[in-house]
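Chemist: Sending over a structure as structure tokens; questions will come in a sec.
The values are calculated or read from the model by the stated rules, or taken from the named source; none is laboratory data. Since the structure is predicted, the reported quantities are computational estimates derived from the model, not experimental observations. Note: ideal-geometry Cβ built from the backbone for every residue, glycine included; neighbour counts use all protein chains shown.
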Amino acid sequence: MTTDTYRWREEPDIIARFVHDKELPKNTPIVLRPNEVCVVLENGRVSGIVTQQVMRANPTTSMLRRIFGGKRQRSYLFAFLGPYTFTMPFTSKSSDHQTMKGEASLRVHAARENIARLIQLPAKGIMEIRTSDISNLLIDEAQAYMSKIIQRFTNDELVQDQADENTTIGLCMALRRTIESFGMTIDHSYISWKPSDKIRLEAEREHVTNMAEHASIQADRDQLALDAQLAHHQRHAEHHARSQTVNSSAMERAKVEPELARIKAKGAVNEAEWENKHRNLEHETQQSRAKAASKAEVLDILLSKELDLRERKQRNDLDVAMQLFDSVQKMKLQRQQQKYDAITKIASNQKTTG
């Protein structure tokens with residue numbers, strides 16, 4: 001393909017382009033790719049449809065044509081036969097007053113014999129036809145049909161396979177005549193639903209429940225960690241107390257033994273004095289043990305208080321989160337009830353006026 005070849009379609013969403021004779025340089029080579037056609041119009045009438053080949057735009061007229069026929073006014077409608085997809089968003093209220101939103105998609109193609117029907121759009125000023133242009137022309141019909149269907153069913157009924165299939169078939173039947181007026185045929189269609197208010201509320205409620213369970217699990221993990229830490233400190237305190245007792249006993253024994261040896265050597269050992277010293281030694285040992293045990297108890301109490309404070313804080317945070325969620329849900333329900341009451345009041349006023 002040469003550098004001066006005319007290429008009418010550069011973007012994938014372009015369906016057709018209408019070009020006047022004067023807009024193309026003379027003898028410009030135009031290559032039609034597979035599934036592309038060119039509708040040639042002379043003096044406003046279709047004179048032929050060109051398929052895949054190399055054609056020449058705006059050829060020079062012959063001398064005989066200049067003398068007898070004059071110059072003809074030519075236009076070209078370049079078109080892509082497809083397939084392409086049209087998307088149309090919609091929204092409506094179901095019978096249980098749930099806002100249902102979604103998007104309908106149509107997969108269509110055009111036939112070579114009928115593609116000239118697209119000439120109606122350039123006649124309205126649309127020289128470059130895109131998929132969005134066709135979608136905008138179909139969106140009102142799709143919205144009207146989907147609103148009528150959605151109002152007949154509840155949210156749970158619409159998401160069922162049978163109801164969804166019937167809705168899709170009905171949408172194709174409703175839009176078939178308009179699609180065929182553009183020279184196109186519907187291959188298939190499908191509808192994608194967005195989550196309704198009810199489903200979003202259930203998802204939020206499930207999220208809050210998961211958060212509460214996560215907080216409970218985290219609290220259990222913190223409890224286990226604190227218990228392990230407390231047990232470690234208790235073992236450390238008991239070991240320290242035992243080591244201090246052994247050291248103090250050894251030191252006292254080391255102090256007393258030389259004195260006993262000296263008294264025995266003199267032969268004047270007093271049994272009462274020995275028992276008194278022995279009792280004093282045991283008393284001091286018990287005091288040392290009591291001090292070590294009291295330190296361990298104080299540490300246990302401090303750790304228990306810290307654990308209670310953390311549990312109270314976690315429960316307080318969870319209660320605040322649940323209260324905020326309940327208040328938000330109440331406000332949403334109040335707004336929905338106000339909207340429903342307003343709609344009911346308007347309907348009753350219209351019936352009274354009628």
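Chemist: For the range 284-330, what are the residues that are of a type in the set (S, T, N, Q) and loosely packed, with under 13 Cβ neighbours inside 10 Å?
Modeler: Within the range 284-330, the first condition is being of a type in the set (S, T, N, Q), and the residues that meet it are 285-288, 294, 304, 314, 316, 323, 327, 329.
Those that are of a type in the set (S, T, N, Q) and loosely packed, with under 13 Cβ neighbours inside 10 Å: Gln286, Gln287, Ser294, Ser304, Asn316, Gln323, Ser327.
Yes or no, residue by residue, for (1) crowded, with 17+ Cβ neighbours inside 10 Å; (2) of a type outside the set (Ser, Thr, Tyr):
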position	(1), (2)
Pro25	no, yes
Thr28	no, no
Val31	no, yes
Pro34	no, yes
Val37	yes, yes
Glu42	no, yes
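Chemist: Only one of Gln350, Gln338 is at pLDDT 80 or above and of a type outside the set (A, V, I, L, M); which?
Modeler: Values: Gln350 fails: at pLDDT 80 or above.
Just one listed residue meets the conditions, Gln338.
Chemist: Show the residue pairs that are 6+ apart or on different chains and have beta-carbon atoms under 7 Å apart, the first residue being within the range 215-240 and assigned by TED's automatic domain parsing to the domain that holds Ser304 and over 16 Å from Ser304 (Cα atoms), the second being assigned to a helix (DSSP H, G or I) and polar (S, T, N, Q).
Modeler: Pairs found: Ala215/Gln314.
Chemist: A further question on this structure: Given the conditions (1) modelled with pLDDT under 80; (2) surrounded by 11 or more Cβ atoms within 10 Å (Cβ to Cβ); (3) not in a loop (DSSP other than H, G, I, E, B); (4) not hydroxyl-bearing (Ser, Thr, Tyr), which single one is not true for Leu64?
Modeler: Condition not satisfied by Leu64: (2).
Yes or no, residue by residue, for (1) modelled with pLDDT of 75 or more; (2) farther than 30 Å from Leu230 by Cα:
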site: Ala261; (1), (2): no, yes
site: Lys264; (1), (2): no, yes
site: Gly267; (1), (2): no, yes
site: Glu273; (1), (2): no, yes
site: Asn280; (1), (2): yes, yes
site: Lys291; (1), (2): yes, no
site: Leu303; (1), (2): yes, no
site: Gln329; (1), (2): yes, yes
site: Gly354; (1), (2): no, yes
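Chemist: Restrict the check to the range 25-44 and report whether at least one residue is in the same structural domain as Thr178 (by TED's automatic domain parsing), assigned to a strand (DSSP E or B), of a type outside the set (S, T, N, Q) and at pLDDT below 85. Before the answer, list the steps.
Modeler: To start, the set of residues in the range 25-44 that are in the same structural domain as Thr178 (by TED's automatic domain parsing) comprises none.
Checked the range 25-44: no residue is in the same structural domain as Thr178 (by TED's automatic domain parsing), assigned to a strand (DSSP E or B), of a type outside the set (S, T, N, Q) and at pLDDT below 85.
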